[in-house]
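The block underneath contains the structure these notes are about, expressed in structure tokens.
The values are calculated or read from the model by the stated rules, or taken from the named source; none is laboratory data. Everything numeric in this text was worked out from a predicted model, so none of it was measured. A quick note on method: Cβ atoms are made from the backbone with ideal geometry, for glycine too, and the neighbour counts reach across all protein chains shown.
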Amino acid sequence: MKEHLLSYTHPAENFSEALPLGNGRIGAMVYGRTDRERISLNEDSVWSGGPRSRVNPDAQEGLREVRELLKKGKISQAEQTAMAKMAGVPEGSRHYMPLGDLSLLMDHGDGAITQYRRTLDLETATARITYAAGGVTFRREILASHPAQVLLLRLSASEPGRVSFSCGLGGRDDYYDNCRPCAENGILYTGGTGSADGIFFAAAVYAVSKGGSVRTVGGEVRVEGAEEALVAVSARTSFYLEDYRQQAMADAQDALKQSWEDLYGAHVADYQSLYHRVGLSLQGPDQGGDTNVGKEVLPTDERLKAVKDRDDIGLMELYYNFGRYLMISGSRPGTQPLNLQGIWNEDMWPAWGSRFTVNINTEMNYWPAESGNLSECHLPLFDLLQRVCENGRKTAREMYGIERGFVCHHNTDIWGDTAPQDKWIPATIWPMSGAWLALHVFEHYEYTQDLDFLKAHYPLIKEAAAFFTDFLMEDDKGRLVTNPSVSPENTYRLPDGAEGKMCIGPSMDSQILTCLFRDAIRATELLGTDADFADMLRELLPRLPQPEIGKYGQIKEWAEDYDEVEIGHRHISQLFALYPADLITPGETPELAAAARATLERRLSHGGGHTGWSRAWIANMWARLGDAEKVYENLRTLLSASTLPNLFDNHPPFQIDGNFGGAAAIAEALLQCTVGQIRLLPALPAKWESGEVTGLRAKGAFTVDIAWEKGRLRKARITADVPGTAKVVLPGGKALTRELAAGECWEITG
Ligand code: FUC
């Protein structure tokens, strides 16, 4: 199939129906309205305020007390003390904000609107709106160009002289924002987000036309009686550039020196160089039953409603492609990483600040990056991690009295804030996110085999691990555990009925550290460096607790076999070992894999998976357990219960992590890299009866193409970027190994 189009028969009524465009840095949500078009704008560095130091001045005293209280089992006292003496001051880091709104007031003359159509074409990353009014067809094409660094609009009509509109910028109404003409055909919108060392921005709108006239009228750009008009919208901020105002004007002016054809051509070439790396084609057994085969494609919002009652294999393909589209549109080298809403947010005070929530959400955003052949889109995460590392050293020292390494809690912001976030006991005191994020550094290396990258970023891995060489404490069994911490963001019940959140040695912490210490040791070996540090980690590693099975046959979430207060909790932190890590696999650790299954079943039978991201995580875990039908069922529920009309993931509200988690799960059903093996079609749902995927990536810098028919592998091709050993496991379990030279292709037939 070729599923690359989102389509609608009406304009967007709200943000959840509007269509996202982005060039990594500038984001736009296109409503497609006919009389007054609204395009909400973002620039990824528009965050509130400036950098701050928020470490609680009483943190070290609090730490000593909390540790003792937890050891004595005085949980609620420990929690109260932690909130008073360890929570950040003030309690929250900075938050993401919209840039503003672009409005287009259209002059169509009188006449009802007919033949309305609104699409987002994922192959060309272009939104198109067409409709007729008074016998004239009007057309708008909109794209966010990475090469030109502007949002571009082309407006045209079927009759000459009928393109007339006014175009304005505004919508923030906070600090000093102001919109003024800056040229005959341009306006400049400037402002700041508060605090003298905060972010200042400038956005410009310039227009040119074929025929007719362009001039500013009031604070808007007015196009009158044209055959066609081109509008360029730029945005720059003080976060990236000192002369952000000049650059904003130059971006828009420079873009309009080129023709639409040239601008469009450069945009499509740039975008497709990433998007076309992977191709996915899924075919269901009963194509006639699909909503999208053999007949006119239903509008996307109607397909989403219909998928509650019937299969739509094509919609899953579209969802995967949309995930890749969002990654390319929201995360490019040199930009900010994807936050809770990617880069698309229209609220001055968004849910959870649209921050980087790093106890699952930000990490999930990058799950499909490497396997989906978008390795360079992963890079912004490491740039942020550098800032986190710098601040986190200070937090380690001031808050924990630890002189080596860095620490970060469960949120960060554009400045790399590392202090605890909120006064919310189930989440606030969790010192593990630096460690989890550092795993992404090694993952990037494993997929790319780029030793230069590893060398440059190894200090992040080392310092993330170094913090824990001091922070870990011995428990009464002599094991090394975190104290204090939480199992994000769950609550346990003590035998006497009391409830607790903070604890010593939650399972997830030990799992993350097992992976981190292993990665760090491996990195020292690859780089031939820090042998002493590696030896220290080798001594600590066996003393970390390993996953254990509890009284329900489940993987224990806490060091004690407590009951959960909310059995169907959205976080399933104790299965980190199953996914994203590979400490639990059906092949290597069958008993733990069975316990992981029991854990999932217990969560799900008590209402688990009720947020989009949780559902997406669950789909990935089923893929790791090789349960193809559960993968399918959970993906279908993700679409029917947690997906908004514009295909954005719904927490609720909109939160982008589920889009990426869902895309990762689709890839994970087709290809897995665990325990050094490349597994082909490890969890292929029966409903994806035949199909093909090209261009997926596997650890070891391999590119993998797979084709299957009637549920059976037809052929696969493994291509090596660098010399290496490919260990492949076929769907039936047969293992094959081959040494490949750089550029060599290995053809496997099923
Ligand atoms: C974590 C989750 C919530 C939400 C928030 C942004 O705290 O537990 O469900 O996703 O992040």
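Points to keep in mind about this one:
- Flag if Ser614 is within 16 Å of the ligand (Cβ to nearest atom), modelled with pLDDT of 95 or more and in a helix (DSSP H, G or I): yes
- Whichever residue in the stretch 572-592 is more than 27 Å from the chain's Cα centre (by Cα) and in a helix (DSSP H, G or I) and, among such residues, is nearest to the ligand (Cβ to nearest atom): Leu592
- The residues listed here are Glu65, Glu79, Glu61; of these, the one that is buried (at least 21 other Cβ atoms within 10 Å of the Cβ) and part of a helix (DSSP H, G or I) is Glu79.
- Taking the criterion of being under 35 Å from the mean Cα position of the chain (by Cα) and either farther than 16 Å from Phe471 by Cα or free of Cβ contacts under 8 Å to residues at least 24 places away in the same chain (or both), the residues of the stretch 60-84 that qualify are Ile75, Ser76, Ala78, Glu79, Gln80, Thr81, Ala82, Met83, Ala84.
- Sub-7 Å Cβ pairs linking a first residue in the stretch 698-722 that is farther than 16 Å from Arg277 by Cβ to a second residue that is surrounded by 19 or more Cβ atoms within 10 Å (Cβ to Cβ) and at pLDDT below 95, at least 6 apart or interchain, number zero.
- Single condition Asp649 does not satisfy, out of (1) surrounded by 24 or more Cβ atoms within 10 Å (Cβ to Cβ); (2) within 16 Å of the ligand (Cβ to nearest atom); (3) under 23 Å from Thr491 (Cα atoms): (3)
- Selection count where residues are assigned to a loop (DSSP other than H, G, I, E, B) and either within 16 Å of the ligand (Cβ to nearest atom) or basic (Lys, Arg) (or both), scope the stretch 475-528: 9
- Asp301 in contact (Cβ under 8 Å) with a residue 24 or more places away in the chain and surrounded by 24 or more Cβ atoms within 10 Å (Cβ to Cβ): no
- Within the stretch 548-573, the set of residues being surrounded by 19 or more Cβ atoms within 10 Å (Cβ to Cβ) and of a type outside the set (D, E, K, R) comprises Gly550, Gln554, Ile555, Trp558, Ala559, Tyr562, His569, His571, Ile572, Ser573.
- Leading residue by the ranking (surrounded by the fewest Cβ atoms within 10 Å (Cβ to Cβ)) among those in the stretch 331-379 that are of a type in the set (Ser, Thr, Tyr) and part of a loop (DSSP other than H, G, I, E, B): Thr335
- Residues satisfying the stated conditions in the stretch 392-426, i.e. in contact with a Pro (Cβ under 6 Å, 6 or more places away or on another chain) and either small (Gly, Ala, Ser) or away from the ligand (no atom under 14 Å from the Cβ) (or both): Val407, Trp415
- Residue count, the stretch 663-682 (criterion: in contact with a Lys or Arg (Cβ under 8 Å, 6 or more places away or on another chain) and touching a residue at least 60 places away in the same chain (Cβ under 8 Å)): 5
- Annotation note: of Val46, Val55, the sole residue that is within 25 Å of Glu390 (Cβ to Cβ), surrounded by 19 or more Cβ atoms within 10 Å (Cβ to Cβ) and out of contact with any strand residue (DSSP E or B) (no Cβ under 9 Å at 6 or more places or on another chain) is Val55.
- Across the stretch 328-346, the number of residues qualifying as more than 23 Å from Val30 (Cβ to Cβ) and either more than 16 Å from the ligand (Cβ to nearest atom) or of a type in the set (S, T, N, Q) (or both) comes to 2.
- For the residues Tyr325, Tyr319, the requirement of being touching a residue at least 60 places away in the same chain (Cβ under 8 Å), within 20 Å of Ile618 (Cα to Cα) and either away from the ligand (no atom under 16 Å from the Cβ) or not in a loop (DSSP other than H, G, I, E, B) (or both) singles out Tyr319.
- Within the span defined as the stretch 553-571, one or more residues are among the aliphatic types (A, V, I, L, M), assigned to a strand (DSSP E or B) and either at pLDDT below 95 or farther than 18 Å from Pro495 by Cα (or both).
- All positions within the stretch 574-591 that are free of Cβ contacts under 8 Å to residues at least 60 places away in the same chain and either surrounded by fewer than 22 Cβ atoms within 10 Å (Cβ to Cβ) or more than 24 Å from Arg679 (Cα to Cα) (or both): Pro586, Thr589, Pro590, Glu591
- The stretch 431-473, residues that are among the aliphatic types (A, V, I, L, M), more than 25 Å from Asn339 (Cα to Cα) and surrounded by fewer than 20 Cβ atoms within 10 Å (Cβ to Cβ): Leu451, Met473
- Qualifying residue in the stretch 96-118 (condition: under 25 Å from the mean Cα position of the chain (by Cα) and aromatic (Phe, Trp, Tyr)): yes
- Hits in the stretch 152-199 (condition: of a type in the set (S, T, N, Q) and free of Cβ contacts under 8 Å to residues at least 60 places away in the same chain): Ser158, Asn178, Asn185, Thr190
- Criterion (in contact (Cβ under 8 Å) with a residue 60 or more places away in the chain and touching a Ser or Thr at 6+ places or on another chain (Cβ under 8 Å)) met by exactly one of Gly225, Gly212: Gly225
- Gly608 falls short of the stated requirement of being within 16 Å of the ligand (Cβ to nearest atom), buried (at least 20 other Cβ atoms within 10 Å of the Cβ), within 20 Å of Arg324 (Cα to Cα) and not acidic (Asp, Glu).
- Just one of the numbered conditions (1) of a type in the set (Asp, Glu); (2) buried (at least 22 other Cβ atoms within 10 Å of the Cβ); (3) without any contact (Cβ under 8 Å) to a residue 40 or more places away in the chain is not true of Asp476: (2).
- In the stretch 347-375, the residue that is nearest to the ligand (Cβ to nearest atom) out of those that are of a type in the set (Gly, Ala, Ser) and out of contact with any His (no Cβ under 6 Å at 6 or more places or on another chain) is Ala351.
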